[in-house]
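I have a structure I would like to understand better, so I am pasting it below and will then ask my questions one at a time.
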Amino acid sequence: METLPPHIEMCPAVPTRADPRGSALALRGVERVLGGRPVLQGIDLDVPAGTVLALLGPSGCGKTTLLRCIAGLDRPDVGMIAVDDFTVSGPDCFVRPERRRIGMVFQEPALFPNRTVGGNVGYGLPRAERDGPRVERALALVGLTGAAARMPATLSGGPQQRVSLARALAAEPSLILLDEPFSALDAPLRADLRSEVRRLLAAAGATAVFVTHDQEEAFLIGDRVALMLEGRIAQVGTAADLYERPASRAVATFVGDANLLPAEADGGTAMTPVGRVPLARPAHGLVDVVIRPECVAACPGDDAIVERIEYYGHDAVIVTSSRGCPVRCRVMGRPPFDEGDRIGLEYVGEPSVAFSR
Amino acid sequence: MTWRGVRATALAVALTVPFALPFAYLLVRNGQDLGGLWGAVSDTRLVGPLLRSLALGISVAAASAVLGTAAAWLVARTELRGRRMWALLLCLPLVIPSFVGAVALIAAFAPGGLVEDLLGIGWLPEVSGFKGAFIVLTLLTYPYVFLPVMARLRGLPPSLEESARLLGRRPVEVFLTVVMPQARAAIAAGALLVFLYVISDFGAVQLLRYDTLTRAIYADRLLDPATSIALSLVLGLLAVAVVVMERRSSRVGLRNQTHTGPPLMVPLRGAGMPAYLFLVLLIGFALVAPIAVLAFWAIHGIARGSPDATSVLADPGMILEPLLSTAGVSAITALAAVVIVLPIAFRSVRRPGRLGEMLAGTVVGGFALPGLVTALAFVFFTLSAPGPLGALYQTLPLLVLAYVVHHGALALGAAQSAVAGVPARLDDAARIMGRGRLRRFAGVELPLMLPGLAAGAGLVLLSTAKELPMTLLLAPAGFSTLATRVWQAAELAAYAEAAIYALVLVAISAVLTWFLVVRPALRSWAPGPLPGSAPPGAGAPPDRRSPEPTTP
């Protein structure tokens, strides 16, 4: 780094444990108790520079608190947070939010109602540049060229959130935090903004943490996804890692639709109600195998009874009972069965994972 | 409109008439005597009082705005310890009527008072005039700014300030560029209320001998009624203009947004000591000092056996009688006010429109008119009216009517929210089940509205108990309230006696304020700095209109 970030005078550069060098953001053992309840427990996380981490979790799992700790809006009770290899929060150091060079987009646009769009975007810039080309550039980036003179209240929700993003990007922060920025928007608008933000963050080469409770959103936007459950990081990996190789039962059931079928494993495979299933990790004895509904196909046979059909239009889920065990099976289009029909089921997916019972 | 709708509207209109009466009377009387009006208005005798009223109003409003805003920001946005306690204490000067504050200031510096006796200062400064009125009124009115500004700050989405901090601005800059512009409307609304309070004030300026409009109106009422009525009109127009402005400015606002977790608090660090010192001094002078002075006089008077204090103690009726008449007349007024404004509230809430707004506006106008002016209008009206109306002069019914006209707006606000809180669908549901209008009202709506109506009645009760000029002008001969007893004793410089009555009055006022204003406000105050435990949406700001200024 050519010029030291301003917080260096506040806080000495402390090499963080377990060599997070090269990470734009590193957290080690972060814990936070709020109102007597442990909200964050032993959080370790690394975000490499230039990548987007989607922080996925149900509401109340602590993901917003974690984000606020990174931003400096809250202070962890235990643990260390480093941005660009400089500790910003640790046992005896705390860099105030205004000195962290972190951009943040909140759930609501949080635009200053008394300032124009340009005034909002320029708010974090040095005085000389507050109404210069940098503001125009940031606005152009989010597709709002020429809106600088308008007041935020004259814009609708989507554009307001774009301005908020432009404001965060304009200051060229080392890290951008997005706290469910689309949760207040309508579904079609969300979809648009989602792919656009993905493109924008990539174009800006920004390091970002994107908080969401929407699995689709997390998978689309994150280079990697961290799933947070009850104050802990349950698993970090690519979207495919989380979906195909969940680290725990809880991950398997939170991410996507899953059958957990009882089976007997004998090393590389397991015998389940839908036949023999290859295992990605060897297992033995009585287990539950994670089987995604789309990995089960209907075939001629009479092992299973169709109990119900959930028809969604583009696809449908056949709820069957196979040897007394409910199995959900997803097919494209409308299935050629009726309730009460007897069908056969077979496994058609990649090697799956099993958890011992 | 159905026949029933016509009846309801007619009832609401008829009940609104008394609220328009005083102002209408002033207009008519002055219109009949345009020469007298012109004479009074062009007279130099008007200019002095008018300028003094404006000077006092503006300077007190400005000082209150500064004190109230600073206190609100410290409590709402910094890492202050015990913020609930501070918020509570900072509201409490509201319980001290202005004439009691003035009595306390005069008594403190009077020979034999706290300053001379305890501090041993031989030279006593002159406290009357602008200086004294400014000090007393500022210390007693800053809560009118503190409350709305604190509510506004607590209602501001914390993400605004957090964004500003994350964008690299220091807390001071954030305060100036983000918080202040957002709080401006609340500060302005609070300052206008203070201005209204000050120009309407009679007790403090009269006791401290500062010749404002109210004092001139009071002084001229017997010898030069034409001037008195003309000046009343000037003051009334000024007050109504202020209320119109206040209602405009308080309508501006940003909708509350979702709160997530605790807002970022500004660390006090080195500024901690001055911050606490500021709050301690403010509460010390506004709340502790007046009560200490009064308690000092009361205790000394009793201990030394001063004649006025002992006469009060010797006869329990001396305290009991004004206490009971204060309680009785206030309770009757509160009940009457609720009964009278309820149809108006129903009409304005259930059938929103221009007529409803006009009716509600008229009631608020009755509140805007200073109590002294309202009372004078009723005095002149009954004295000049022929026949049975004239007989009303200085009777309890007229006193209660005048109270209701002046304080009815307090009940109306509460009644309107109570009516709005009962979904009209409930009425529809009961109607479908075949219930008649009266049974629907008594069985469904009234029970649901009762808490709200009781709160409104309580506010009227509180304001009436502290009321002074209307009681002075309209009370039947021999009828005295605690307020008039304080007044009479203070005019005779019987400070020990005044102090005893004042302490009783403040105690009643404090109890009522606690149940009606403070407790509801605290209940809506989310568990403060302990984040995570705050249920979303629980941070509803305390109703900024609930503690209305009352003409002291």
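Please treat every number below as a calculation from the coordinates, not as lab data. Quick caveat, the model's predicted, so the values are computed rather than measured. Using ideal geometry, Cβ is built from the backbone for each residue, glycine included, and neighbour counts are taken over all protein chains shown.
Simple spin-label model, 7 Å along Cα-to-Cβ: B:GLU116 to B:ILE58 in nm?
3.7
Continuing with the same structure: Between B:ILE302 and B:VAL280, what FRET efficiency follows from the Cβ-Cβ distance if R0 is 25 Å, with the result rounded to 0.05? Could you put the intermediate results ahead of the total?
Numbers: r = 30 Å, r/R0 = 1.18.
Step by step, r from the Cβ atoms, then E = 0.25.
For A:102-110, what's the mean count of beta carbons from other chains sitting within 10 Å of each residue's beta carbon? Mind dumping the intermediate values first?
Working: counts 3, 3, 6, 3, 10, 5, 6, 5, 10.
That average works out to 6.
Take the alpha carbon gyration tensor of region B:1-147, find the square roots of its eigenvalues, order them as a ≥ b ≥ c, and report rounded if a/c is under 1.5; if not, report prolate when a/b exceeds b/c, else oblate.
Details: a/c = 2.58, a/b = 1.38, b/c = 1.88.
It comes out oblate by the Cα gyration axes.
Turning to a different aspect of this structure: Counting partner chain Cβ atoms within 10 Å of every residue's Cβ in A:111-117, what's the average? The partial results should precede the final answer.
Details: counts 3, 8, 6, 7, 3, 0, 0.
The mean count of partner-chain Cβ atoms within 10 Å per residue comes to 4.
In a Debye calculation with equal point scatterers on the alpha-carbon sites of region A:100-142 and no solvent, what is log10 I(q)/I(0) at q = 0.13, 0.20, 0.22, 0.31 Å⁻¹?
With no solvent term, the Cα-only Debye profile gives -0.29, -0.68, -0.82, -1.22.
So, one more: When only C-alpha pairs under 8 Å and at least 6 residues apart count, what is the relative contact order of region A:260-356, in percent?
Reported relative contact order: 34 percent.
Below 8 Å, C-alpha to C-alpha, sequence gap of six or more: please give me the relative contact order for chain B in percent. Before the final figure, lay out each step's value.
On the way: 792 pairs, mean separation 119.8, N = 552.
Taking the mean separation of contacting Cα pairs over the length of chain B, I get 22 percent.
Pop a pseudo-label 7 angstrom from the Cα along the beta-carbon direction at both A:ARG281 and B:GLN394 and give the gap in nm to one decimal.
9.7
Related question: Subtract the Cα-Cα distance of A:ARG137 and A:THR154 from 0.36 nm times their separation in residues, and report this length gain in nm to one decimal. Could the numbers behind the result be given before it?
Numbers: separation 17, 0.36 × 17 = 6.12 nm, distance 2.09 nm.
Extending this stretch completely gives an extra 4.0 nm.
Also, I was wondering about something else. Taking the Cβ-Cβ separation of B:VAL28 and A:ASP214 as r and a Förster radius of 51 Å, what is the calculated FRET efficiency to the nearest 0.05? Let's see the in-between values first.
Working: r = 68 Å, r/R0 = 1.33.
Once rounded, the FRET efficiency stands at 0.15.
Given a cut-off of 35 Å, what percent of all Cα-Cα pairs of chain B lie beyond it?
39
Select from chain B the helices, each a whole stretch of DSSP H, whose alpha-carbon atoms run 24 Å or more along the helix axis and whose Kyte-Doolittle mean is at least 0.5; answer none if there are none.
Numbers: long enough: B:3-32 (39 Å, 0.80); B:44-77 (48 Å, 1.27); B:180-200 (29 Å, 1.53); B:225-251 (39 Å, 1.14); B:316-350 (50 Å, 1.47); B:396-421 (34 Å, 1.44); B:446-466 (29 Å, 1.43); B:495-513 (25 Å, 1.91).
Long hydrophobic helices here: B:3-32, B:44-77, B:180-200, B:225-251, B:316-350, B:396-421, B:446-466, B:495-513.
Provide, as a two-decimal number, the C-alpha radius of gyration of the protein assembly as shown over 2.2 N^0.38 Å, N being how many residues it has.
On the way: Rg = 35.3 Å, N = 909, 2.2 N^0.38 = 29.3 Å.
Rounded to two decimals, the normalised Rg is 1.21.
With a ≥ b ≥ c the root eigenvalues of the C-alpha gyration tensor of region B:143-239, is it rounded (a/c under 1.5), prolate (a/b larger than b/c) or oblate? Numbers along the way, then the final one.
Numbers: a/c = 4.72, a/b = 3.88, b/c = 1.22.
Judged from the Cα gyration tensor, region B:143-239 comes out prolate (a/c at least 1.5, a/b above b/c).
Once all Cα-Cα distances of region B:17-92 are split into 10 Å bins that start at 0, what whole-number percent is in each one?
Calculated P(r), rounded to whole percents: 15, 22, 21, 18, 17, 7, 0.
Right, next: To the nearest whole number, what is the average tally of beta carbon atoms from other chains within 10 Å of the beta carbons of peptide A:62-75? Kindly include the intermediate steps, with their values, before the conclusion.
Values: counts 1, 0, 2, 5, 0, 2, 6, 0, 0, 4, 4, 11, 4, 0.
Going residue by residue through A:62-75 and averaging, the value is 3.
Turning to a different aspect of this structure: Taking the radius of gyration and the Kirkwood hydrodynamic radius from Cα positions alone, what is the Rg/Rh ratio for region B:75-132, to two decimal places?
Details: Rg = 16.2 Å, Rh = 13.9 Å.
Rg/Rh for region B:75-132 comes to 1.16.
Related question: Could you tell me what a quarter of the Cα convex hull surface of region A:260-356 works out to, in nm² with one decimal place?
5.6
Still on this structure, I have one more. In the neighborhood of A:GLY119, defined by Cβ-to-Cβ distances under 12 Å, what is the net charge if each Lys or Arg adds +1 and each Asp or Glu adds -1? Please report the intermediate quantities before stating the final value.
Working: positive: A:ARG115, A:ARG130, A:ARG150, A:ARG167; negative: A:ASP131.
With Lys, Arg at +1 and Asp, Glu at -1, the net is +3.
Taking 0.36 nm per residue of sequence separation and subtracting the Cα-Cα distance, how much length would be gained by fully extending the chain between B:LEU492 and B:ARG437, in nm to one decimal? Write down the numbers at each step before the final one.
Working: separation 55, 0.36 × 55 = 19.80 nm, distance 5.64 nm.
Stretched fully, the B:LEU492-B:ARG437 segment lengthens by 14.2 nm.
Under 10 Å, Cα contacts only: if you run a Gaussian network model on chain A, which one of A:CYS93, A:CYS61, A:CYS69 comes out with the highest mean-square fluctuation?
Comparing A:CYS93, A:CYS61, A:CYS69 in the GNM, the peak value goes to A:CYS93.
May I pose another question? Using a Gaussian network for chain A with springs between C-alpha atoms less than 10 Å apart, which of these wobbles most: A:GLU244, A:GLU136, A:GLU339?
A:GLU339
Over chain A, calculate the relative contact order: mean separation of alpha carbon pairs under 8 Å at least 6 apart, over the residue count, as a percent.
Working: 807 pairs, mean separation 52.2, N = 357.
Relative contact order, chain A: 15 percent.
Continuing with this model, one more query. Viscosity 1.306 mPa s, temperature 10 °C: give me the Stokes-Einstein translational D for region A:197-333 in µm²/s, with Rh taken as the Kirkwood radius over C-alpha pairs. Please list the in-between numbers first.
Working: Rh = 16.9 Å.
Rounded, D is 94 µm²/s.
Quick check: residue separation of A:GLU310 and A:THR145 times 0.36 nm, minus the Cα distance between them. What number comes out in nm?
Working: separation 165, 0.36 × 165 = 59.40 nm, distance 4.59 nm.
Extra length available between A:GLU310 and A:THR145 comes to 54.8 nm.
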